[in-house]
1. Could you please find all residues in the range 58-71 being surrounded by 14 or more Cβ atoms within 10 Å (Cβ to Cβ) and outside any strand (DSSP E or B)?
2. Please pick out the residue among 88, 100, 74 that is more than 22 Å from residue 24 (Cα to Cα), surrounded by fewer than 17 Cβ atoms within 10 Å (Cβ to Cβ) and of a type outside the set (Ser, Thr, Tyr).
3. In the range 28-86, how many residues are modelled with pLDDT of 95 or more, more than 17 Å from residue 99 (Cβ to Cβ) and among the basic types (Lys, Arg)?
4. Would you mind telling me which numbered condition in (1) in contact (Cβ under 8 Å) with a residue 60 or more places away in the chain; (2) of a type in the set (D, E, K, R); (3) closer than 19 Å to residue 22 by Cβ residue 110 fails?
5. For the range 87-102, name all the residues that are closer than 21 Å to residue 49 by Cα and either modelled with pLDDT under 95 or small (Gly, Ala, Ser) (or both).
6. Name the residues in the range 25-53 that are loosely packed, with under 14 Cβ neighbours inside 10 Å, hydroxyl-bearing (Ser, Thr, Tyr) and part of a strand (DSSP E or B), would you?
7. Restricting attention to the range 22-73, and to residues there that are among the hydrophobic types (A, V, I, L, M, F, W, C) and more than 15 Å from the chain's Cα centre (by Cα), which single residue is farthest from residue 91 (Cα to Cα)?
8. Return a yes/no flag: does the range 61-81 have any residue that is touching a residue at least 40 places away in the same chain (Cβ under 8 Å) and over 21 Å from residue 104 (Cα atoms).
Amino acid sequence: MRIPTLPLALAACLVVEAAQAHAHLEKSTPADGSTLTAAPATLELTFSEPARLTALSIRRDEGAEQAVRVLPTAAERTQRVALPALAAGTYTFTWRVLAADGHVSSGVVRFTIAASAR
């Protein structure tokens, strides 16, 4: 009996690809691209696998980027970071994580805090 090699080779490629997957951001709170009516107290990042947050910076509008110094130390699927008081404006958070498999992933989350009505 002859076993077809092409289906076996394709299956092996899929297994290797899955084993080399990086932690990717599945969702954030606040959501990327959202507009809020109030400043959030925390930033929550949920990844596809446990990861340790190794860097996080924040930038308001076109201002200077500032590093967030106090980060969680455990590798978790969901990372929560307390935020300073945020004024109205558009914020960009740049993050970097280290997954358990040693791969580094990074990305950005942007959201806007609308100016309150007077």
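The values are calculated or read from the model by the stated rules, or taken from the named source; none is laboratory data. Values in this document were obtained by computation on a predicted structure and should not be read as measured data. Cβ coordinates were reconstructed from backbone atoms using ideal geometry, including for glycine residues, and neighbour counts include every protein chain displayed.
1. The answer is 68, 71.
2. 88
3. 3
4. (3)
5. Within the range 87-102, 99, 100, 101, 102 qualify.
6. 35, 42
7. So, considering only residues that are among the hydrophobic types (A, V, I, L, M, F, W, C) and more than 15 Å from the chain's Cα centre (by Cα), the one farthest from residue 91 (Cα to Cα) is 70.
8. no
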